[in-house]
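S.K.: For reference, the structure I am asking about is given below.
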Amino acid sequence: MASSFSPIAASFSTASARRSKVARSASCWIASRAGVCKARSSGIRGCARFQSRGSLAPDLPEPVAGGDAANASCVEASEALGRDLPFDHAQILADGIERARAKLEYTPLATAFCAPEFTVGQLRAVYEAVWGEALDARNFHRKVTGAPGFIEPPGRNTNVDGGRPAQLYRPGTLAVLNPPIVRPEAG
């Protein structure tokens, strides 16, 4: 999560571009505006806003500190939420995390975190990691294989995970999942 604390006049894209030195050449790069916080500061910056850009991408390079940012690092979302963040940045971060989780429901984004060919179990592991909960294997298999254009079988099997050979899949051409793959209801 790159952030920028800048004068009100700066646009979101200008401010976030200054902080985001993450390579955009990654196989999947999703960035979105997580929120804006306006805060009156008693410091020399006066009225300022915090802008946040979140990235959900596989194999990101280490971020590079620059400008007035003394350091930069990638951390687990739960670790970042556990930190003492100023103003309402914890809420902005939580909103960004929720947005990333929601994107898995209606886009094929999860396939970008798999190898070019993957099993349904490997795809399910991506959903479970991002959503933070175990999913029913049979129900998940039925949903993802039943969504036309989401994943496509290349006609090969693998037993890389041990046990019975599993069918391999690759990402389909679908841009929006309809119906979506929804998270289980909290209960």
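Nothing in this text is a laboratory measurement; each read-out follows from the coordinates by a stated rule. This one's a predicted model, so the numbers in the text were calculated from it and none came from an experiment. Quick reminder, even Gly has a Cβ in these numbers, built from the backbone with ideal geometry, and neighbours come from all protein chains shown.
S.K.: Regarding the stretch 108-171, what are the three Cα extents along the principal axes, ordered largest first, in Å?
M.R.: The Cα atoms of the stretch 108-171 stretch 29, 27, 20 Å along their principal axes.
S.K.: May I ask you to list the trypsin sites (Lys or Arg not before Pro) in the stretch 73-113 that are in a DSSP loop and have at most 15 other Cβ atoms within 10 Å of their Cβ?
M.R.: R83
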